[in-house]
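Below is one structure, written out as structure tokens; comments come after it.
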Amino acid sequence: MKKILPLLLLLSLLACKPGRIYESYHKFDKYTWNRFDKVTFNVPVEEGGITGDIIFTVRHITQYPYSNLPVNVILYTPSGEERIKELDIILKDSTGKFTGSVAGDLWDEEVVLWPQFYFTEAGEYVLEFENLIPKMGIPGLVDIGVYVKKN
């Protein structure tokens with residue numbers, strides 16, 4: 001019982017993520033992101049005129065073979081505007097050590113895609129991700145995700 005109480009307290013604290021207006025993750029089958037499989041997140045925004053950070057997360061295992069994860073990101077607004085970013089997410093430093101936070105064999109990395117993004121209108125914002133590594137599949141990826149933290 002003494003061991004269970006601190007665990008329950010920790011889980012309840014982790015479940016509360018104040019300020020997040022959206023959070024979603026896409027898990028990969030067999031820890032592999034296939035080259036031409038785009039991952040889409042539909043972000044519902046209930047009111048226009050708010051500002052928030054749009055943050056991309058990557059979870060991978062220690063056996064991830066690359067030092068980076070190049071991705072193409074397209075953001076579609078409810079009115080049809082497109083914003084495109086090509087990112088090279090660094091997962092290892094110059095010495096070859098992973099840079100994210102670790103728990104066991106899982107590594108987490110976060111990248112702010114659009115800091116203080118102004119959501120001009122209510123509606124559904126769509127984020128589409130495509131991996132750019134020129135192999136048929138990227139092994140070692142557990143999931144990717146997006147969350148929006150209201151400023």
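Computed from the coordinates by the stated procedures, all read-outs in this text should not be read as laboratory data. What you are looking at is a predicted structure, and each value in this text was computed from that prediction instead of being measured. Note: ideal-geometry Cβ built from the backbone for every residue, glycine included; neighbour counts use all protein chains shown.
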Of all beta bridges DSSP finds with both residues in the chain, what is the antiparallel percent, to the nearest 5?
100
Calculated from DSSP H runs of 4 or more alone, at -39500 (n - 2.57) each and per residue, what is the 222 nm mean residue ellipticity of the chain, nearest 500?
-2500 deg cm²/dmol
Under 11 Å, Cβ to Cβ, from Gly137 - net charge with Lys/Arg +1 and Asp/Glu -1:
+1
Classify the chain as rounded, prolate or oblate from the Cα gyration tensor: take a ≥ b ≥ c as the square roots of its eigenvalues, call it rounded if a/c is under 1.5, otherwise prolate when a/b beats b/c and oblate if not.
oblate
Report, by chain and number, residues whose modeled amide H sits under 5 Å from the one on Ala122, excluding near sequence neighbours (fewer than 5 apart, same chain).
Gly48
Tell me, how many Å apart are the Cα centres for the range 42-81 and for the range 112-133?
5
Set the bar at 23 Å for Cα to Cα. Now go through Lys27/Lys135; Lys92/Lys135; Lys85/Lys135; Lys30/Lys149; Lys97/Lys150 and name every pair that lies beyond it.
Lys30/Lys149; Lys97/Lys150
